[in-house]
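Student: First, the structure itself, so that you have it in front of you.
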Amino acid sequence: MNKLTLGVALAAAATAYAGGVHAGAFQLNEQSVSTQGTSFAGRASNANDASTVFGNPAGMSFLDRAQITGGVTYLDVNTDIDVASANDALGRPVSGSDDGDMVPGAAVPSFYYVQPMNDRVALGFGVYAPFGVITDYGSDFRGRYFANYSEVEVVTAQPTISYRINDKWAIGAGVTYNSVKGELTSNTLDAGTGDGKVKIKGDDAAWGYNVGVIFQPVESTRLGLSYRSKVDYSLEGEAKYNNVFTGTGFANTEQDASLDVTLPESIDFSVTHKLDDRWTLMAGVTWVHWSRFDEIAVEVDNMSDIVEEQGYEDSWQYAVGLSYQLNPQWVLRTGMAFDDSPTVDEHRSARIPSGDRTIFSLGAGWTPMPELTIDMAYTYLWEETATVSLSEPNRGTYEADYENEAHGFGLGATYRF
């Protein structure tokens, strides 16, 4: 059995589980359409609707009515791949496609409910997707020995409580139940007789938490601080081999495999300041502890452990936003953000070929009646060129530059009762 093949595939699986589509290392940001319009600036301090369950649970006690907030963001990702070289394990050039259309359009939904119990206590619940990725290069992709197909989904359910200490201070906390599942495949070279394939499937569920505090020193200004805990997963699954060379022959077999992986904790700080009756300014900064993700240790039945170095670095995300209350029915929003990618050239995977990114957003909220607000948002994201340079004895070499961009179209609604 080719142990390294399984190790690389599972390491790639863990990396994909640790990331999403539109934040550092493919971590998703799209948990709220209203904050999407400001490039997520003010996420920990706004408390505009029930999506504060995610942004900062302390914000629930600033909502004076029970409300439901739901939304969906459709993501359209485009990539331009410039391949410098692609050789197989025997040193021969790999032919095939360099098509960058490997990320299909995907919808990211979210749902939240907040119920004030009295003037100080509020309860809430949220369901959202904090991580996720789909990449489908196709069977003739020139880098197919390093990446072929990846599909990973993380769904979080979060019951939450908040407490308004006084007019200036509020605190909140939520417990997160996180369910992860995924499927990944890659090709293997069978000594010149044709490609084999390795398919990895696995799932797990784990607990975490989210806590936050909001300080409102004056009526026009709120400061918010939110902490999202790390989540430890122990993935259990199977590795299916089709026509894979084992050293003595070709095999079609299945093996149990497992790995432990941790999604990092993050701290989100933001400020919301109302300049006057119409203009509101927002700013935020987020730190993500990606440096704890330094290696992957894979356990395979009846085989030795395999360690894959990842070498991630801690990342920072910065955002500024502005809203304008055009009239009682309409509020307009805009914002810009910069995400510092935790991946580095030395270890960047073809499954996660991301670089530092800049985000620009526009949004609007329409309130046709006091009970209902409809939110709309558009986001354009572009990245610096991300270099992928891979070399492994049993897979060959793959060197390419990736230029990624994405469009996000969000639509949501809040109903108060």
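The values are calculated or read from the model by the stated rules, or taken from the named source; none is laboratory data. Source: prediction; values computed, not measured. Heads up, the Cβs are rebuilt from the backbone with ideal geometry, glycines too, and the neighbour counts pull from every protein chain shown. Areas reflect the complete protein model, heavy atoms only, side chains present, ligands, DNA and RNA absent. Shrake-Rupley method; radii C 1.70, N 1.55, O 1.52, S 1.80 Å.
Student: For segment 1-66, which fully contained helices (runs of 4 or more DSSP H) count at least 1 residues that are open to solvent by 10 Å² or more (accessible area, probe 1.4 Å), touching a Pro at 6+ places or on another chain (Cβ under 7 Å) and at pLDDT below 90?
Tutor: none
Student: May I ask you to say which residue of V152, V108 is crowded, with 24+ Cβ neighbours inside 10 Å, in contact (Cβ under 8 Å) with a residue 24 or more places away in the chain and over 20 Å from S391 (Cα atoms)?
Tutor: V152
Student: Also, I was wondering about something else. Which pairs turn up if I take residues in segment 76-101 that are without any contact (Cβ under 8 Å) to a residue 12 or more places away in the chain and look for partners that are of a type in the set (A, V, I, L, M) and in a strand (DSSP E or B) with beta carbon separation below 7 Å, at least 6 apart in sequence or on another chain?
Tutor: So the pair list comes out as P93/A86.
Student: Among what's in segment 142-156 and is assigned to a strand (DSSP E or B) and closer than 19 Å to G105 by Cα, pick the residue that is modelled with the highest pLDDT. It would help to see each step written out before you state the result.
Tutor: Of all residues in segment 142-156, those assigned to a strand (DSSP E or B) come to 149-156.
Next, from what is left, pick out any that are closer than 19 Å to G105 by Cα: 149-155.
Values: Y149: 83, S150: 78, E151: 78, V152: 75, E153: 83, V154: 87, V155: 92.
Restricting to residues being assigned to a strand (DSSP E or B) and closer than 19 Å to G105 by Cα, the top hit is V155.
Student: A further question on this structure: When you look at G396, is it farther than 24 Å from T188 by Cα and small (G, A, S), yes or no?
Tutor: So G396 does not fit the description; no.
Student: Can you pull out every residue in segment 199-245 that is in contact with an Asp or Glu (Cβ under 8 Å, 6 or more places away or on another chain), under 25 Å from W290 (Cα atoms), open to solvent by less than 50 Å² (accessible area, probe 1.4 Å) and hydrophobic (A, V, I, L, M, F, W, C)?
Tutor: Result: I200, A206, L235.
Student: Still on this structure, please answer the following. Can you name the residue in segment 281-292 that is surrounded by fewer than 24 Cβ atoms within 10 Å (Cβ to Cβ) and in contact (Cβ under 8 Å) with a residue 60 or more places away in the chain and is also farthest from the chain's Cα centre (by Cα) among such residues?
Tutor: A283
Student: Something else about it: If we scan segment 179-198, do we find a residue that is closer than 21 Å to A44 by Cα, under 19 Å from the mean Cα position of the chain (by Cα) and surrounded by 21 or more Cβ atoms within 10 Å (Cβ to Cβ)? Steps first, answer last, please.
Tutor: Taking segment 179-198 first, the residues closer than 21 Å to A44 by Cα are none.
No: segment 179-198 contains no residue that is closer than 21 Å to A44 by Cα, under 19 Å from the mean Cα position of the chain (by Cα) and surrounded by 21 or more Cβ atoms within 10 Å (Cβ to Cβ).
Student: Looking at T379, T373, T387, can you tell me which residue is over 19 Å from S34 (Cα atoms) and hydroxyl-bearing (S, T, Y)?
Tutor: The unique qualifying residue is T387.
Student: Against the conditions (1) of a type outside the set (G, A, S); (2) outside any strand (DSSP E or B); (3) at pLDDT below 75, where does Y241 fall short? Just the number, please.
Tutor: Among (1) of a type outside the set (G, A, S); (2) outside any strand (DSSP E or B); (3) at pLDDT below 75, Y241 violates only (2).
Student: Residues in segment 259-280 that are touching a His at 6+ places or on another chain (Cβ under 9 Å) and assigned to a strand (DSSP E or B): how many?
Tutor: 3
Student: Checking T397 against (1) surrounded by fewer than 21 Cβ atoms within 10 Å (Cβ to Cβ); (2) outside any loop (DSSP other than H, G, I, E, B); (3) at pLDDT 95 or above, only one condition comes out false. Which one?
Tutor: Answer for T397: the failing condition is (3).
Student: Enumerate the strands (runs of 3 or more DSSP E) found wholly within segment 338-393, keeping only those where 3 or more residues are open to solvent by 40 Å² or more (accessible area, probe 1.4 Å) and either closer than 20 Å to L326 by Cβ or at pLDDT 90 or above (or both).
Tutor: Hits in segment 338-393: 357-369, 372-383.
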